[in-house]
1. Working from the pairwise distances between different alpha carbons, so that the mean of 1/r is found and then inverted, what is the range 192-234's Kirkwood radius in Å?
2. Work through the residues other than LYS333 whose Cβ is under 10 Å from its Cβ and net out their charges, Lys, Arg +1 and Asp, Glu -1.
3. Using DSSP to define loop residues, name the GluC sites (Glu not before Pro) in the range 371-444 whose beta-carbon has at most 12 other beta-carbon atoms within 10 Å.
4. Among the aspartates and glutamates, select those whose C-alpha is under 20 Å from the C-alpha of LYS258, and discard any that sit fewer than 8 residues away in the same chain.
5. Using modelled backbone amide H atoms (1.01 Å from N, in-plane), which distant-in-sequence or interchain residues come within less than 5 Å of ARG213's amide H?
6. Considering all projection directions equally, how large on average is the shadow of the alpha-carbon convex hull of the range 27-129, in square nanometres?
7. What aspartates and glutamates could a cross-link reach from LYS107, if we take a straight Cα to Cα line under 14 Å and drop same-chain neighbours fewer than 8 places away?
8. Simple spin-label model, 7 Å along Cα-to-Cβ: ARG345 to PHE138 in nm?
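The values are calculated or read from the model by the stated rules, or taken from the named source; none is laboratory data. Fair warning: this is a prediction, and the values are worked out from it, not measured in the lab. Cβ coordinates were reconstructed from backbone atoms using ideal geometry, including for glycine residues, and neighbour counts include every protein chain displayed. Heads up: the accessible areas ignore ligands, DNA and RNA and are worked out on the full protein's heavy atoms, side chains in. Shrake-Rupley method; radii C 1.70, N 1.55, O 1.52, S 1.80 Å.
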Amino acid sequence: MTTTQAPPTGQSPQEEQSRTGQTPLKGQTPRFDGDVDPERVPEEYRLARAFVPKARYLSQEFLDLELEKLFKRSWLMACRVEELHGVGSFVEYEIGSHSILVVREAKNSIRAYFNACRHRGTRLTRGRGRVGSIICPFHGWRWNLDGSIRLVLDREEFVERSDDDLGLVSVQVGVWGGFVFINMDPHAMPLLDYLDPIVRIFEPFQLENMRIRWTKEVVLECNWKTALDGFLEAYHVAGTHPQLHRLDKGNTNILSLKEMENRRWAPTTTYERHAHYSSIGEKNPDGVKDPTDRLTEGLQDERLSVGLSVQYIFDDMRGLENDRSWRAAEQLKTADVPDGVPAGRYFLELYKQLCISEGYEWNDITPEQWGEAGTAWNVFPNTIVLPNQGSALVYRARPYLNDPNKCTFEVFALDQIPIADYDKKHEVNPEFYEDYREADLGVVFSQDLMNAKEVTVGMHSPSYDGHRLSEHQEMTIYNMHRVADRYLWTD
Ligand code: FES
Ligand SMILES: [Fe+2]
């Protein structure tokens, strides 16, 4: 059974299907029109009902295929717009063995190029910085920021070639919500079509008015998908983060059987390409998210339940909430909440007043919009976005060169900025740690990242054949594989 509604007139079933998504309870693993016939997928990689074979994580051949067919043809989040402040600013985006140069070519134009010299292939630049022109470090050939060739030393000695032939090879660029995406496929569909229905559903959260408050990158000993899987469901919260159920008691012991039974569900909804889960909501099959309904349970005083959960997230994860929501939560704890007004709604009112008085734009988000937004989205293939009012958390995982058992994982904490700062330069100082335990990521992230290694060790056991997923709460994971098959097994 699914909750998919009948399409309204004027839209093809396929268009409507991609807009509505599917939230199955049990008995159906979502499929969409255009999915690859499972018979075309080699048996060791073939998905079965709510089952993902382990070879999709561990096999070298599979990663090579992903690098060749998936990452070269999908839209990938390369950086944020604020990382390219000023003409000539650049960021190198690497994924596996691919390197792409993303450059602000002009005030209102961002371009991307394969990061390889047209002379003998040298990688043109590394990391990030700002340049007047792009200069190869080997023999000094130069290009303008628009990719056109500017200088070939002793050009008369070379076979005559057109300037076009010597220009940098472009990669497609798209911008949405303050993110810069690239696509190595010149025939790729437009970014905004690819993101459907995310663009519509995220609109009230105004991600474009946010900036990176901090970002950290760590190296993990797991497949890039294992790193993401741990953030694509909230089914693990009771087992991995028991403290989130016990903020009033402040301990991290495992939950009792009764507490486990009473935990909340976090149903997943899958769309044609992307998927989300919704962890905030009563134990209901539709997963409606309501900002008044926070994680803590058992507290008699609703004000404390809401206030403590907001403050715990900001204190521990330093993201998803911000200093303004923390202060509004503090006010809430002792506020005179009018009878009949849920504490969560009153919290939003306090937060709104605080934001407006301090010069921030405020957009009222309706309960329906919160419900559709859910908690965390897989922006296919390798990015996760958790939207919240005034803040967002973003995760990205990328294969580490061509090693299936290693990846880089990044966290971006985004915060809205005051209206007066919209056009100002925003400093971004990315941090990198070989070992996540040195990255000071807080308790919640540390609990998650510890799982990634243990999952990988266990997956290598000859006793283990693949993931057995909940059809209700873990279909975000299945969905990523289902969509990947469209890229991996087609020309
Ligand atoms: S390899 Fe780049 S100029 Fe020679
Ligand atoms: Fe977690």
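1. It is 13.5 Å.
2. Values: positive: ARG303; negative: ASP301, GLU330.
So the surrounding residues net to -1.
3. Details: sites: GLU372, GLU410, GLU427, GLU431, GLU434, GLU438; in loops: GLU427, GLU434.
In loop regions of the range 371-444 (DSSP not H, G, I, E or B), the sparsely surrounded GluC sites (Glu not before Pro) are GLU427, GLU434.
4. ASP248, GLU282, GLU297
5. Distant-sequence amide H within range of ARG213: ALA413, LEU414, ASP415.
6. On the way: hull surface 40.4 nm².
Value for the range 27-129: 10.1 nm².
7. The qualifying aspartates and glutamates are GLU82, GLU83, ASP146, ASP423.
8. 6.6
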